[in-house]
Amino acid sequence: MGNLDGLISLLIACVELVFVLNLLVFAEKNYVNKLIIFLVILLAAYQATEFMICYFGMNDTFIVYFAFLIITLIPTFGGLIALYLFQGNRKLHQVLFIPALFFIFYYAAVIGSFDITGCTFLYAVYDYPLGNLYSLFHFAIIYLSMLVYFFVYIRTENQFVKKLNLILLTGYLITFIPANTVFLLSDFMWSIKESIQGKIAVVLALSFSYYALKNKNLPGEEKKI
C-alpha cells in the first residue's frame, strides 16, 4: 500500500471545511458566530497542516511551529466565546491572549527546537520546548472555558438558548474528558496528546457549528443571556 500517514487528518480537515462553508453561507454573522467560524477554520487548518507534515514529509521547523501556533489559538478562542456568552462584554477579553502570545513569541524565538519524531495515519509525535508548561496552559484554559460554559448553561432561562448551550458544553465534555483521562494514564498517549486531541475536536467543531447555525438574534450582538 502507499503512504497512509496523515490521511485521517485529511479526512477530518475536509469534514471541518464543510462545516466552515455551511457557516459562511447559512450562519448569521453576529459577533459570537464570527468567533465560531474562525475557531472552526483553525481546527480545519491544523488538520490540514498535520496532513502536509505527515503525508508529504513537510517537517520543516517553521511548518511544525505553524501547527503549534494554531493549536495555541484554538483553546483561546473557545475561551473567548465562553466569556462573551457569560458576560456579554468584549473589553477585558483581550487578557485571554496574554498566555497564548507568550508561547507564540517564545516559540518563534526558539523555532529551531521544534521537530516531528514520528507520524502515522492517525497521529503525529511532536518534540518542543517547555512541554509541561505549555500543557498546563493548554489544559487550564480548556477546563476554565468548560466551567464557564457550565455556568452559562445553568443560569440561562430561555429553554431554546439553554439547549444550545448544553450542546456546546456536551461538545467540550466529549472532546476533552475521556481523552485527557487516557493521556494521563499513559506516557505514550501523553506524547501524542496534541495530535489526538486535534482529531477528537471534530466533535467540538460540530457542536460549535450547530450552535452558530441556530444562533440568530440569541446571545451575541443583540441579546444578552
Per the filter on region 86-106, residues open to solvent by 40 Å² or more (accessible area, probe 1.4 Å) and in a helix (DSSP H, G or I) are PHE86, GLN87, GLN94, VAL95, PHE97, ILE98, PRO99, LEU101, PHE102, PHE105, TYR106
Filter region 118-137 for residues that are touching a Lys or Arg at 6+ places or on another chain (Cβ under 9 Å) and either of a type in the set (Ser, Thr, Tyr) or buried (at least 19 other Cβ atoms within 10 Å of the Cβ) (or both); the one that is farthest from ILE63 (Cα to Cα) is SER135
Checked region 169-188 for anything open to solvent by less than 50 Å² (accessible area, probe 1.4 Å) and free of Cβ contacts under 8 Å to residues at least 24 places away in the same chain; matches are LEU169, ALA179, PHE183, SER186
* Does TYR46 satisfy the criteria of being assigned to a helix (DSSP H, G or I), open to solvent by less than 30 Å² (accessible area, probe 1.4 Å) and more than 23 Å from ILE200 (Cβ to Cβ)? -> no
Per the filter on region 208-218, residues in a helix (DSSP H, G or I) and either open to solvent by less than 10 Å² (accessible area, probe 1.4 Å) or aliphatic (A, V, I, L, M) (or both) are PHE208, SER209, TYR211, ALA212, LEU213
So, LEU83, is that one open to solvent by 20 Å² or more (accessible area, probe 1.4 Å), assigned to a helix (DSSP H, G or I), touching a residue at least 60 places away in the same chain (Cβ under 8 Å) and in contact with a helix residue (DSSP H, G or I) (Cβ under 6 Å, 6 or more places away or on another chain) or not?
yes
Screening THR117, THR76 for residues that are part of a helix (DSSP H, G or I), closer than 19 Å to GLN197 by Cα and either modelled with pLDDT of 95 or more or of a type in the set (Val, Ile, Thr) (or both) leaves only THR76
TODO: Return yes when GLU16 is open to solvent by less than 10 Å² (accessible area, probe 1.4 Å) and among the acidic types (Asp, Glu) and no when it is not.
DONE: yes
Over region 49-70, the set of residues under 20 Å from TYR134 (Cα atoms), of a type in the set (A, V, I, L, M) and either touching a strand residue (DSSP E or B) at 6+ places or on another chain (Cβ under 7 Å) or surrounded by 23 or more Cβ atoms within 10 Å (Cβ to Cβ) (or both) is VAL64, ALA67
By residue number, the members of region 19-34 that are in contact with a helix residue (DSSP H, G or I) (Cβ under 8 Å, 6 or more places away or on another chain), among the aliphatic types (A, V, I, L, M) and open to solvent by 20 Å² or more (accessible area, probe 1.4 Å) are LEU24
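A quick yes/no check of all residues on (1) over 25 Å from ALA82 (Cβ atoms); (2) assigned to a helix (DSSP H, G or I); (3) within 19 Å of the chain's Cα centre (by Cα):
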site	(1), (2), (3)
ALA108	yes, yes, no
PRO129	yes, no, no
TYR134	no, yes, yes
HIS138	no, yes, yes
ILE142	no, yes, yes
TYR149	no, yes, yes
GLU157	no, no, no
VAL161	no, yes, no
LEU164	no, yes, yes
The lone condition GLY57 fails out of (1) farther than 26 Å from LEU213 by Cα; (2) of a type outside the set (Asp, Glu); (3) assigned to a helix (DSSP H, G or I) is (3)
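The values are calculated or read from the model by the stated rules, or taken from the named source; none is laboratory data. What you are looking at is a predicted structure, and each value in this text was computed from that prediction instead of being measured. We place every Cβ from the backbone using ideal geometry, glycine too, and count neighbours over all the protein chains shown. With ligands, DNA and RNA removed, areas are computed over all heavy atoms of the protein, side chains included. Shrake-Rupley method; radii C 1.70, N 1.55, O 1.52, S 1.80 Å.
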